[in-house]
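Have a look at the structure below before the remarks.
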Amino acid sequence: MTSAEGVGAGQSASETSGSQQQQQRQPCPNGFDPFRDAREIVRLVQCSICSLPLRHPMALPCGNIACRGCLPEAYVRRGVSYPDLPERKLGFICPAVGDCRKEHALADCGVDVTLAKVVEHFNSVLASGKMGSDDSSQEKRFGRLRSLYVLAKDGRLAYDEEIEFDEEKEGDGTDHQLLAAIKEAACSEMECQVCYALLVDPVTTQCGHTFCRQCIQKVLAHSLHCPSCRTKLQLPSHIPAKSSNKRLTEILVVLCPGELADRATSNTTAEPQDEADDLTTPIFVCASSFPSMPTPLFIFEARYRLMIQRAWEGDKLFGMVLPNFVSNGVGDAEGTPFMEYGTMLQIESIQVYADGRSHIWTVGVSKFKIRKWGYRDDYLIAKVERVDDFPLADEEAFEQSCLGVNLGHPHSSPLAPGQTTMDAFRICADFCDRMISINSPWASPNVLLTFGLRPEDPTLLPYWVASILPIVDQEKYRLICSQSVRERLFITVQWINNIERIRWWV
Ligand SMILES: [Zn+2]
Ligand SMILES: [Zn+2]
Ligand SMILES: [Zn+2]
Ligand SMILES: [Zn+2]
């Protein structure tokens, strides 16, 4: 150990009693004390793998952090056929200390821009030898924070190593000054670029930018791009389940406890929403509709004429659900006259006849689940919750589990035989192309004119097949409920197998 004040590196923890240690680890009432909690504070910027101050910190999808150089060498991931994107094929097993141990796609990890800047500020305050031109001795004015940081930087302070301090010593204020200097420099870096206030529940995107969870969710509701760099991001419905950035959360607690508490209270007061006015989506109980697919409709019932007219004059949206075909209903649809999952349709054009009946042309925009419902002028209105497909990482993990890929040992387990997601896509696509080439009535030029050419996108092909094949609504409903591309493709493969079997026997 060096001449640093009050620090005895490498001393065993047994030299202090358990209760003393307990006391030492507890933050003081006003948050962290830079003198007493110096070890915790320096650990905030140490890599848990190499123990050095973080270098190019990578934000992992599990919320953990590792230096870019500390990530294990990437390998070609097994059992991932969909999405068929080269940038998702490389991955590694999470090296973070803790319980993750999952495979991460390299594409889901980015340099944590905010954390990198915060680490820089720690470094510029703690690594500089300069300290006020005070007449007290250099050793005394060095401070615990700086001593520990220098040890860490020299590679002589393991990430989980504890340090026993001389309990008798009192701080001379140096550490308070150091922490204040870090705070002054670092807190402005931890502002959300959406709300321009201190980050609350920070979530880091795969491009490495960090926002308050609520802020990024709101932004993604009307844009699919990162507000900082325009990278295409996940869907807003994926944000609630996303891991918080663990390291930034810890740093915020230590550096800005007061501001954080203020933010938390102002956030909760802005929270309550008017519950009364949430039945805003008109609901049409009629047919199966699918995202991106057209649904032409003939409107003749008076209540639906009124509903469609109002939608056309408003946002042009209404929800389409199937009538309840399960005797007692299932799940939340128990006892309701409709099924709980449906498709949001947008009216593209409308042709009204002299007697008030009309033809409308609609296209599916998204899927939803009905949360609450009631009536308005004889038609249904509901509070709906958007239902999106699972995040790509979950879709990939689903395929891997179906194919029996053992992720703990990426290099040793042979691929179990099984059909990949893209195999299922090929089966469906080949069947469709065959039907088109033999001029099947299901895939006649007229049908193609209405529903478009056979989609190349695996997310859409099952919807297209369901739109043109004569399949009962109960079966089609399985596609509306499903949030997995793989699952929808395999449902479609089942239909195709059944049709081929019938054709064979006939
Ligand atoms: Zn490292
Ligand atoms: Zn992880
Ligand atoms: Zn924000
Ligand atoms: Zn970004």
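The values are calculated or read from the model by the stated rules, or taken from the named source; none is laboratory data. Here the structure is a predicted model, which is why all the values come from computation and not from measurement. Neighbour counts are summed over all protein chains in view; Cβ atoms, including those assigned to glycine, are modelled from backbone coordinates with ideal geometry. Keep in mind that these areas ignore ligands, DNA and RNA; they rest on the heavy atoms of the full protein, side chains included. Shrake-Rupley method; radii C 1.70, N 1.55, O 1.52, S 1.80 Å.
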Apportionment of accessible area to carbon and sulfur, the stretch 419-505, percent (1.4 Å): 58
Over its alpha-carbon atoms, the stretch 281-387 yields an Rg and a Dmax in Å of 13.3, 43
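Using a 1.4 angstrom probe on heavy atoms only, work out the carbon and sulfur share of the accessible area of the stretch 281-387 in %. Walk me through the numbers on the way to the answer.
Values: 2530 of 5100 Å².
Here carbon and sulfur together make up 50 percent of the probe-accessible area.
Can you tell me how much longer the chain between residue 161 and residue 481 gets when fully stretched, taken as 0.36 nm per residue apart minus their C-alpha distance, in nm with one decimal?
Result for the pair: 110.2 nm of gain on full extension.
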15 Å Cα-Cα reach of residue 169 towards aspartates and glutamates, excluding residues that sit fewer than 8 places from it in its own chain: 5, 33, 37, 139
For the stretch 152-217, listing GluC sites (Glu not before Pro) in a DSSP loop whose Cβ sees at most 13 other Cβ atoms within 10 Å gives 167, 168, 170
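Which order do you get for 253, 485, 285 if you rank them by accessible area with a 1.4 Å probe, largest at the top? Kindly include the intermediate steps, with their values, before the conclusion.
Numbers: 253 65, 485 5, 285 40 Å².
Putting 253, 485, 285 in descending order of accessible area: 253, 285, 485.
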Which value in nm describes the separation of the simple spin-label points at residue 124 and residue 365, placed 7 Å from the Cα toward the beta carbon? 4.6
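Just to make sure I understand: if all protein chains stay in place, what is the order of 183, 246 by accessible area at 1.4 Å, largest first? Walk me through the intermediate numbers first.
Numbers: 183 65, 246 90 Å².
The ranking, largest first, comes out as 246, 183.
For the stretch 434-506, what is the convex hull volume of its Cα atoms per residue in Å³? The partial results should precede the final answer.
Working: hull volume 6.9 nm³, N = 73.
Spelled out: Cα convex hull of the stretch 434-506, divided by residues, is 94 Å³.
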What chymotrypsin sites (Phe, Trp or Tyr not before Pro) in the stretch 412-492 are in a loop by DSSP, with at most 12 other Cβ atoms within 10 Å of the Cβ? none
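Might you tell me the accessible area per residue for the stretch 419-505, computed with a 1.4 Å probe and given in Å²? It would help to have the intermediate numbers written out before the result.
On the way: 4220 Å² over 87 residues.
Heavy-atom SASA per residue in the stretch 419-505 reads 49 Å².
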Going Cα to Cα from residue 232, which lysines come in below 17 Å? Please leave out same-chain ones fewer than 8 positions away. 218, 242
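Order 340, 487, most accessible first, counting only protein heavy atoms with a 1.4 angstrom probe.
Working: 340 25, 487 85 Å².
Ranked from most to least accessible, the order is 487, 340.
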Listed by chain and number, the lysines with an alpha carbon less than 17 angstrom from that of residue 246, same-chain partners under 8 positions apart left out, are 102, 117
